[in-house]
Amino acid sequence: MPLSKIQTTNNQVIPNLGRRNIIINGAMQISQRIGTTATAITGGNYGIDRWGMYYDGNSYTTQQVTDAPAGLYNSMKLTVTGTTTPNYSFFGQRIEGLNVNHIGLGTANCQSFTVSFYVKSSVAGVYSISMTNGAGDLAYPVQYTINSVNTWERKSMTIPPITSGTWVKDSTNGLYLRFNMGSPSSRTADADGWRSGNFDGANGSTGGVSWATTSGATFYMTGCQIEVGSVATPFEHESSFGEQLALCQRYLYTIPPTSGQYVLNGWSHSGTVFITIIEFPLTMRATPSLAVGDISQFDVYTSGAGTANRTATGIGLNGMGPVGGGINVSCPSNLTAGFSGGVYNSNSPSYIRFDAEL
Amino acid sequence: MNIKSAKYIKNIITNVNDNIKAIIDEQEMSVPLDPANRHYVAILEWAKIDGNTIEEAD
């Protein structure tokens, strides 16, 4: 019996069972970097997991909130904090080529795909998104309209196949979804067609431009989904919080700030250097960068040594890879080479973060 | 990304360049020499600008 006849509910064939959504953290559940704090993200960096913020000239904060349409719990809230016309302004998600190869981008077998999301804004009007390739030389801009202010609305748009162009197939940027939040006309193009160039959205996105220059304006988005085909199916809830966290940890792994806990273990290499080894929960997309919240909150404790001068003064990579590797913790003195021990987050909670984002 | 400084750090075991200690967006970061790492790519672009140099390791 064909599988299509088995996958039925109330005698209806249910197509495309299994994980459909190509977007990671589309329900805005995971926020390892900023938690629930409204944060002014430096342009080119990330707020809520997997969602990069790109703007220059204007400014806004990003926040994970619990304002969401029925069936969802979290959303991403942007709040404009200035009135300057931006040089560019968008946010989006870069998707690994490995995760979109089944679409067949750039081949004769390319399929259409559909983008859907819930949105709410204090400024109604015409907005737009753009789908681009990693090279930034092909874009498909699409408009959408927010009809009513401060009201959740679901939007969807189908992107037709593209059989040409350069589309990477590896762990780099294979497909890029951008939400245009007021980029000028130099960075937009005519809607509803594959265009040559690097465009954040569609021409005529007057609502987005107005939003970007209205201090205090808000924009919420959640339930974002990209799926193969020409139909926007209901937002996929098949993956649990834990599964979404795991998907995000391929791009960002954080040892969460928790005072009063050991966070790493290892051994003293010398009187001033303690070597630790970490193994990530899953293979990261690339060898990650390391950042630490407040290094002075970490102490090294070993057997056979005194207690003074063991507060960390530096924490850095040493032989790291996508699966894990070494981390050196430097101390002023008082370690004994060869003695084992651990790194302890002492007084105030402080994170150790590994970033392999696109 | 706003990069203020960058300096190679040697692997403590092999004594060859292993990563770059950099100040990026006001935060100290340890950046691997991986061409797929976005911070490393940004540092290489930054180093192409006159006056910017990745310091040699100690």
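Coordinate-derived values only; no laboratory data. These numbers were taken from a predicted model, which means no experiment stands behind them. Here the Cβ positions follow ideal geometry from the backbone for every residue, glycine too, while neighbour counts run over all protein chains shown.
General observations
- With each label modelled as a point 7 angstrom along the Cα→C-beta vector, the B:Ile49-A:Ala40 pair spans 2.0 nm.
- Given charges at beta-carbon only (K, R positive; D, E negative), |dipole| of chain A in Debye: 200
- The range A:209-358: projected area of the alpha-carbon convex hull, averaged over directions, in nm²: 13.2
- Partner lysines whose Cα lies under 29 Å from the Cα of A:Lys77, excluding those fewer than 8 positions away in the same chain, are identified as A:Lys120, A:Lys155.
- Stretchable slack from A:Trp267 to A:Ser340, in nm (0.36 nm times residue separation minus alpha-carbon distance): 25.9 nm
- Selection of GluC sites (Glu not before Pro), the range A:233-321, meeting DSSP coil and at most 14 other Cβ within 10 Å: A:Glu238
- Where only C-alpha atoms are counted, convex hull volume of the range A:25-127 per residue in Å³: 147
- Other protein chain Cβ atoms within 10 Å, averaged over every residue that makes up A:344-355: 1
- Chain A - Rg (one decimal) and Dmax (whole number), Cα, Å: 23.2, 73
- Anchor B:Lys10: lysines whose Cα lies under 25 Å away (excluding residues fewer than 8 positions away in-chain): B:Lys21, B:Lys48
- Summing +1 for each Lys or Arg and -1 for each Asp or Glu among the other residues whose beta-carbon sits under 9 angstrom from that of A:Asp200 gives +2.
- Per-residue 3J(HN,Hα) values for the range A:194-209, derived from phi via the Karplus relation 6.51 cos²θ - 1.76 cosθ + 1.60 with θ = phi - 60°, read 6, 10, 7, x, 10, 10, 7, x, 9, 4, x, 7, 5, x, x, 5 Hz in sequence order (x marks Gly and Pro).
- Cα-based radius of gyration of the range A:140-196 once divided by 2.2 N^0.38 Å, which approximates compact folds: 1.39
- Loop-resident trypsin sites (Lys or Arg not before Pro) (DSSP state other than H, G, I, E or B) in chain B with no more than 15 further Cβ atoms inside 10 Å of their Cβ: B:Lys48.
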